[in-house]
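To start, the structure itself, in structure tokens.
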Amino acid sequence: MKGLAGKNALITGASSGIGQAIAIRLAQEGCNIAINYRKSAEEAEDTEEIALQKACGQVDECGVKSLLIQGDVSKEEDIINLVNTTIDTFGSLDILINNAGVQTECPSHEIATEEFDRVLSINLRGAFLCARETIKHLVSRNQPGTIINISSVHEIIPRPLYLSYSISKGGMENMTKTLALEYANRGIRVNAIAPGATVTPINEEWVEDPQKKAVVESHIPMARAGTAEEMAAAVAFLASEEAAYITGQTLFVDGGLTLYADFREAWSA
Ligand code: NAI
């Protein structure tokens, strides 16, 4: 896609699922990729190997540069290190993908304060701190750049039993718009994608169970879950110059999940 080759991208939580697919897709588009992982260096190495293989047909002497960085996005010092290491290694940072995220299920009146804080500190505060450090860098160099937040359909659909998660994604929508407005005149675009139900490890509970998967898919107008690669394609578009005039938007990549599927058939006057 136009304008991606040679750009430097940092992807948080890139050792699995949607983040991994984004790292691979951006490498295929010619971006240098900084792969952040929290726990599994092995999974991050897999991401790197697949990305370089797909980008160049070989891993050694690939024109695309890559970097693995361990870091927990709920820790400010780790985030500063993530951004600085990317800049020190690649020379600059052009594209930030705020992908790292967690979810936990619990009746809202029973959520422990620490658990609420944990989800918000990864999904929302972590995304903000990554954005802040990236924007600091772009502004200091008077350089354009782009940030893409991986939100969720639950930025607008309330999700009982997942209050912390829903709040984090709702906050992400506002963060996307506010940062987009604040930095539009500096050439910094900020957008989000909102995946619907996607086949990744975060959904292992239903992904591996055909009956549960069928129930999930029965709610989706397109009658199937999405793939991580479909999310990555939308991210590549928003990061590219094809989307040069788009900022402050959330692109829903959800097979129609946000179209009020219950209205498929007439049931009310
Ligand atoms: P996943 O569980 O494979 O990916 C989440 C990634 O975030 C993992 O690599 C994990 O290690 C990383 N992570 C978690 N805590 C971290 C921390 N403190 N520091 C750094 N990394 C951390 O699941 P998936 O689906 O790929 O999730 C990616 C994003 O997509 C998340 O933000 C999620 O909320 C969002 N999403 C996923 C949907 C789905 O149906 N799979 C639907 C809507 C949104």
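Does Thr134 meet the test of being assigned to a helix (DSSP H, G or I), among the polar types (S, T, N, Q), more than 10 Å from the ligand (Cβ to nearest atom) and over 20 Å from Thr258 (Cα atoms)? In short, yes.
Listed conditions (1) buried (at least 16 other Cβ atoms within 10 Å of the Cβ); (2) without any contact (Cβ under 8 Å) to a residue 24 or more places away in the chain are all met by Trp267, apart from (1). Pairs are defined by a Cβ separation below 9 Å, a sequence spacing of at least 6 or placement on different chains, a first member in region 96-122 that is over 26 Å from Thr134 (Cα atoms), and a second member that is away from the ligand (no atom under 14 Å from the Cβ) and among the polar types (S, T, N, Q); no pair meets this definition. For the structure I just gave you, tell me whether Ile69 is touching a residue at least 24 places away in the same chain (Cβ under 8 Å), crowded, with 18+ Cβ neighbours inside 10 Å, under 19 Å from Gln143 (Cβ atoms) and touching a strand residue (DSSP E or B) at 6+ places or on another chain (Cβ under 6 Å). No; evaluated as a whole, the condition is false for this residue. Any residue that is among the hydroxyl-bearing types (Ser, Thr, Tyr), near the ligand (Cβ under 9 Å from one of its atoms) and outside any helix (DSSP H, G or I) - is there at least one of those in region 82-100? No, region 82-100 has no match at all. Counting only strands (runs of 3 or more DSSP E) wholly contained in region 1-77, the ones carrying 2 or more residues that are more than 18 Å from Ile147 (Cβ to Cβ) and within 16 Å of the ligand (Cβ to nearest atom) occupy 66-70.
The combined condition, being within 26 Å of Ala23 (Cβ to Cβ), modelled with pLDDT under 95 and near the ligand (Cβ under 9 Å from one of its atoms), is not fulfilled by Asn149.
Considering Glu204, Glu182, the condition of being surrounded by fewer than 15 Cβ atoms within 10 Å (Cβ to Cβ) and within 11 Å of the ligand (Cβ to nearest atom) is satisfied by Glu204 alone.
The values are calculated or read from the model by the stated rules, or taken from the named source; none is laboratory data. Bear in mind the structure is a predicted one, so any value in this text is a computation, not a measurement. With ideal geometry, Cβ positions are generated from the backbone for all residues, glycine too; neighbour counts draw on all protein chains shown.
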